[in-house]
Amino acid sequence: MADQRKCENDSVPALRFEGFSDPWEQRRLGELFVESEDRSSDLEILSVSVANGIYPASDSDREINPGASLVNYKVVRKGDVVYNSMRMWQGAVDSSLHDGIVSPAYVVARPVSMTASRFFARLLKRPNLLCQYQRRSQGNSKDTQVLKFEEFAEIEVSVPLFRKEQEAIGSLADALDSLITLHQRKVDKLKTVKQSLLEKMFPREGENVPEIRFEGFTDPWEQRAFCELVERRNSFSDDKGLPRVEYEDIVSGQGTLNNDVFSKNDKRGGIAFEPNDVLYGKLRPYLRNWLNPQFRGIALGDFWVLNPISVNSSFLFTLIRTSAFERVANESTGTKMPRADWQNVSSAEFAAPVSGEEQQRIGALFAKLDSLITLHQRELEILKNLKQACLEKMFV
């Protein structure tokens, strides 16, 4: 475990691994790295980006120019630090986990024996260094500025005296990155599954039976006007004891509340809603600001408050997220501030199961998927915050 202590001076980080107590030392980057000019055209092409670091170009969706000459491409070995000389001030730098080659526009900095490159993969992205890169880059504008290795080499940084401490910090950051990637993949996979099921568990246009159904249900679905499925609440309330929800309180596309701005202390009046009503954000409907609250409250501003009258509440909440509903809702009125047209939406017909049990099971399935996605997203945010806190406290 790491040992937290008060930072008494700028040569000791606030958070350290046990067993390390020596002050960090100031070193020029030119003492820690040498520029490599090795050339080859036979290795895998690598790319460097601000968001993804160093990765094989074949992993990117961007096409590699088949006619480009590779004669002057620079060799990269595992552990080399590579940066985009024109985007270094934005953080386009990483230490490579791959052997390969990069464009001559990149600088390849090879570490000396005492340098743990995975530590520097994080250190070199620190905000104070990004400012130095920009000051030292040569060029008339940000789009043409270039950070040459000679200028990079003159920058001073604070580093642990022992390579083992560098390696420990780099390994911790790598482990957190791996966990973050794992949770991000889980979130992405669940979202893909959810979207696929939304398409397959509702009938296609012109059909009355979905492609996928729960076992035991065979009756065709019925086409019903939306106004037959719901009633739109319009009862005004300014009850001081009820929580308020406004458009900005909802996390777009997730159907959850942003607890940082949830309007519990707001005193304005609005449309009263009951548990299991559906709040539909009619402003810019493509942003998908909707909520299925399980509490009484007051909706402020650009909402329709939908009370399900002939469908299950959770099924209604699923229906409004289907592509069929979104197509109708996005036939909005207005240009700069488009709003869904109630007359258009309320008269549109949508397919719904005759069986209330089938409605309930469909709604429950998507509610479970929503919960799983929210859980992994929260864990993802916790990991990102933990990583950010470590990066702030484990560097001088």
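Does ASP302 satisfy being more than 25 Å from GLN360 (Cβ to Cβ), at pLDDT below 90 and surrounded by fewer than 22 Cβ atoms within 10 Å (Cβ to Cβ)? Before you say what the answer is, go through the steps one by one.
On the way: more than 25 Å from GLN360 (Cβ to Cβ): yes; at pLDDT below 90: no; surrounded by fewer than 22 Cβ atoms within 10 Å (Cβ to Cβ): yes.
So ASP302 does not fit the description; no.
Which of the residues that make up the range 217-242 are in contact with a Ser or Thr (Cβ under 9 Å, 6 or more places away or on another chain) and not hydrophobic (A, V, I, L, M, F, W, C)? Spell out the reasoning first.
Residues of the range 217-242 that are in contact with a Ser or Thr (Cβ under 9 Å, 6 or more places away or on another chain), as a first pass: 217, 219, 224-230, 232.
Those that are in contact with a Ser or Thr (Cβ under 9 Å, 6 or more places away or on another chain) and not hydrophobic (A, V, I, L, M, F, W, C): ASP219, ARG224, GLU228, ARG232.
Inside the range 335-351, can you point out the residues that are part of a loop (DSSP other than H, G, I, E, B) and either over 16 Å from ARG224 (Cα atoms) or charged (D, E, K, R) (or both)? Break it down into steps so the answer makes sense when it comes.
Of the range 335-351, the ones part of a loop (DSSP other than H, G, I, E, B) are 335-338, 340-341, 348.
If the condition is that a residue be part of a loop (DSSP other than H, G, I, E, B) and either over 16 Å from ARG224 (Cα atoms) or charged (D, E, K, R) (or both), then THR335, LYS336, MET337, PRO338, ALA340, ASP341 are the ones that fit.
Determine whether the range 61-72 contains at least one residue that is surrounded by 12 or more Cβ atoms within 10 Å (Cβ to Cβ) and either modelled with pLDDT of 95 or more or of a type in the set (Ser, Thr, Tyr) (or both).
no
Those residues that are of a type outside the set (D, E, K, R) and part of a loop (DSSP other than H, G, I, E, B), I need them from the range 301-334; list them, please. Don't jump to the end; show me each part of the working.
So in the range 301-334, the residues of a type outside the set (D, E, K, R) come out as 301, 303-320, 322-325, 328-330, 332-334.
Those that are of a type outside the set (D, E, K, R) and part of a loop (DSSP other than H, G, I, E, B): GLY301, ILE309, SER310, VAL311, ASN312, ILE320, THR322, ASN330, SER332, GLY334.
Taking the stated definitions as given, is GLY356 crowded, with 20+ Cβ neighbours inside 10 Å and either touching a strand residue (DSSP E or B) at 6+ places or on another chain (Cβ under 6 Å) or of a type outside the set (A, V, I, L, M) (or both)?
Details: crowded, with 20+ Cβ neighbours inside 10 Å: no; either touching a strand residue (DSSP E or B) at 6+ places or on another chain (Cβ under 6 Å) or of a type outside the set (A, V, I, L, M) (or both): yes.
Criteria not met by GLY356.
Exactly one condition in (1) within 25 Å of TRP342 (Cβ to Cβ); (2) touching a Phe, Trp or Tyr at 6+ places or on another chain (Cβ under 6 Å); (3) of a type outside the set (Ser, Thr, Tyr) is false for ASN234; which is it?
Going through the list (1) within 25 Å of TRP342 (Cβ to Cβ); (2) touching a Phe, Trp or Tyr at 6+ places or on another chain (Cβ under 6 Å); (3) of a type outside the set (Ser, Thr, Tyr), ASN234 breaks only (2).
Can you name the residue in the range 114-133 that is over 21 Å from ILE54 (Cα atoms) and of a type in the set (S, T, N, Q) and is also most open to solvent (accessible area, probe 1.4 Å) among such residues? Can you show your working first?
Pass one, the range 114-133, residues over 21 Å from ILE54 (Cα atoms): 114, 128, 131-132.
From what's left, of a type in the set (S, T, N, Q): 128, 132.
Working: ASN128: 93, GLN132: 40 Å².
It comes out as ASN128.
Among the residues of the range 154-178, how many are in contact with an Asp or Glu (Cβ under 8 Å, 6 or more places away or on another chain) and either acidic (Asp, Glu) or open to solvent by less than 70 Å² (accessible area, probe 1.4 Å) (or both)? Working first, answer last.
Within the range 154-178, the subset in contact with an Asp or Glu (Cβ under 8 Å, 6 or more places away or on another chain) is 158-162.
Still in the running and either acidic (Asp, Glu) or open to solvent by less than 70 Å² (accessible area, probe 1.4 Å) (or both): 158-160.
Number satisfying all stated conditions: 3.
Using the structure shown, decide if VAL354 is aliphatic (A, V, I, L, M) and part of a loop (DSSP other than H, G, I, E, B). I'd like the intermediate steps shown before the answer.
Values: aliphatic (A, V, I, L, M): yes; part of a loop (DSSP other than H, G, I, E, B): yes.
Yes.
Filter the range 329-353 for residues that are in contact (Cβ under 8 Å) with a residue 60 or more places away in the chain and either surrounded by fewer than 20 Cβ atoms within 10 Å (Cβ to Cβ) or among the basic types (Lys, Arg) (or both) and give the result.
TRP342, SER346, SER347, ALA348, GLU349
May I ask you to list pairs of residues, at least six apart or on different chains, whose Cβ atoms are under 9 Å apart, with the first in the range 127-143 being closer than 13 Å to ALA92 by Cα and the second being open to solvent by 70 Å² or more (accessible area, probe 1.4 Å) and basic (Lys, Arg)?
Listed pairs, sorted by first residue: GLN134/LYS142.
In the range 101-110, which residues are under 13 Å from LEU70 (Cα atoms) and either surrounded by fewer than 24 Cβ atoms within 10 Å (Cβ to Cβ) or without any contact (Cβ under 8 Å) to a residue 40 or more places away in the chain (or both)?
First, pick out the residues of the range 101-110 that are under 13 Å from LEU70 (Cα atoms): 101-105.
Passing the criteria: ILE101, SER103, PRO104, ALA105.
Under 8 Å between Cβ atoms, which residue pairs at least 6 apart in sequence (or on different chains) link something in the range 383-396 that is surrounded by 12 or more Cβ atoms within 10 Å (Cβ to Cβ) with a partner that is part of a helix (DSSP H, G or I) and charged (D, E, K, R)?
From residues that are surrounded by 12 or more Cβ atoms within 10 Å (Cβ to Cβ), the pairs are LYS387/ASP177; LEU391/ARG122; PHE395/ARG122.
The values are calculated or read from the model by the stated rules, or taken from the named source; none is laboratory data. Bear in mind the structure is a predicted one, so any value in this text is a computation, not a measurement. Note that each Cβ is placed from the backbone with ideal geometry, even for glycine, and that neighbours are counted across all protein chains shown. Side chains are part of the model used for accessible areas, which takes the heavy atoms of the whole protein and leaves out ligands, DNA and RNA. Shrake-Rupley method; radii C 1.70, N 1.55, O 1.52, S 1.80 Å.
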